[in-house]
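Peer 1: I have a structure I would like to understand better, so I am pasting it below and will then ask my questions one at a time.
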Amino acid sequence: MNTDKSVEILLVEDSDLDAELALRALTKSKISNRIIRLKNGEEAIDFLFGEGEYEGRSILNQPRVILLDLKMPKVDGLEVLKRIRATEATKLIPVVMLTSSQEERDLIESYQLGVNSFIVKPVEFESFSKAVRDIGFYWIILNQKP
């Protein structure tokens, strides 16, 4: 995995199926070809802060948007979000919680911690693909980065 080039989208998703569908939707829509997929919150923290496997990676090269699953092994999405918002180098990165959770407490806690958007993953393939394309289009094409 080449992490030296600029990253536009960081996809943090433990489900191989959901990750594959998201990557396919983003690639097919030609929104970005600079996407990195990580499988859990621990990998995301290591990547964002140049730790562990990613030690030495320049933390100046941060993604334009993070698509973050909520329920993951090792470190969940809320813990990753807390770390992102608590650090000067990452606190302005847009974070979209992309989850299957429909629990109101997850929604409220995500917004209290500073998530930019909370989207429940649609079950149907076409709806899921459209949601991911729309997210990518908005955050990569339309949104002005600080």
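The values are calculated or read from the model by the stated rules, or taken from the named source; none is laboratory data. All values derive from a computational prediction rather than experimental measurement. No Cβ is skipped: glycine too gets one built from the backbone with ideal geometry, and neighbour counts run over all protein chains shown.
Yes/no per residue for (1) touching a Lys or Arg at 6+ places or on another chain (Cβ under 7 Å); (2) of a type outside the set (A, V, I, L, M, F, W, C); (3) at pLDDT below 95:
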{"site": "Asn33", "(1), (2), (3)": "no, yes, yes"}
{"site": "Leu38", "(1), (2), (3)": "no, no, no"}
{"site": "Asp46", "(1), (2), (3)": "no, yes, no"}
{"site": "Ile59", "(1), (2), (3)": "no, no, yes"}
{"site": "Ile66", "(1), (2), (3)": "no, no, no"}
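Peer 1: Could you grab me the full set of residues in segment 123-134 that are farther than 14 Å from Thr27 by Cβ and either modelled with pLDDT of 90 or more or in a helix (DSSP H, G or I) (or both)? Steps first, please.
Peer 2: Step one: filter segment 123-134 for residues farther than 14 Å from Thr27 by Cβ, giving 123-128, 130-131, 134.
Phe125, Glu126, Ser127, Phe128, Lys130, Ala131, Asp134 - these are the residues of segment 123-134 that are farther than 14 Å from Thr27 by Cβ and either modelled with pLDDT of 90 or more or in a helix (DSSP H, G or I) (or both).
Peer 1: Under 9 Å between Cβ atoms, at least 6 apart or on separate chains: pull out the pairs that start in segment 81-104 with a residue that is within 20 Å of Ser58 (Cα to Cα) and of a type in the set (Lys, Arg) and end on any residue that is at pLDDT 95 or above and assigned to a helix (DSSP H, G or I).
Peer 2: Between residues of segment 81-104 that are within 20 Å of Ser58 (Cα to Cα) and of a type in the set (Lys, Arg) and residues that are at pLDDT 95 or above and assigned to a helix (DSSP H, G or I), the close pairs are Arg83/Gly41; Arg83/Ala44; Arg83/Ile45; Arg83/Leu48; Arg83/Phe49; Lys91/Ile84; Lys91/Arg85.
Peer 1: What about Gln102, is it out of contact with any Gly (no Cβ under 7 Å at 6 or more places or on another chain) and either modelled with pLDDT under 95 or of a type in the set (Ser, Thr, Tyr) (or both)?
Peer 2: Working: out of contact with any Gly (no Cβ under 7 Å at 6 or more places or on another chain): yes; either modelled with pLDDT under 95 or of a type in the set (Ser, Thr, Tyr) (or both): yes.
When the stated conditions are applied, Gln102 passes them.
Peer 1: Show me the strands (runs of 3 or more DSSP E) found entirely inside segment 1-108 where at least 1 residues are among the polar types (S, T, N, Q) and surrounded by 21 or more Cβ atoms within 10 Å (Cβ to Cβ).
Peer 2: Working: elements: 9-12, 35-38, 65-68, 95-99.
Answer list for segment 1-108: 95-99.
Peer 1: Now for a different question. Against the condition surrounded by 17 or more Cβ atoms within 10 Å (Cβ to Cβ) and either of a type in the set (A, V, I, L, M, F, W, C) or not in a helix (DSSP H, G or I) (or both), how does Phe137 come out, does it pass? Lay out the reasoning, then the answer.
Peer 2: Details: surrounded by 17 or more Cβ atoms within 10 Å (Cβ to Cβ): no; either of a type in the set (A, V, I, L, M, F, W, C) or not in a helix (DSSP H, G or I) (or both): yes.
For Phe137, the condition - surrounded by 17 or more Cβ atoms within 10 Å (Cβ to Cβ) and either of a type in the set (A, V, I, L, M, F, W, C) or not in a helix (DSSP H, G or I) (or both) - is not met.
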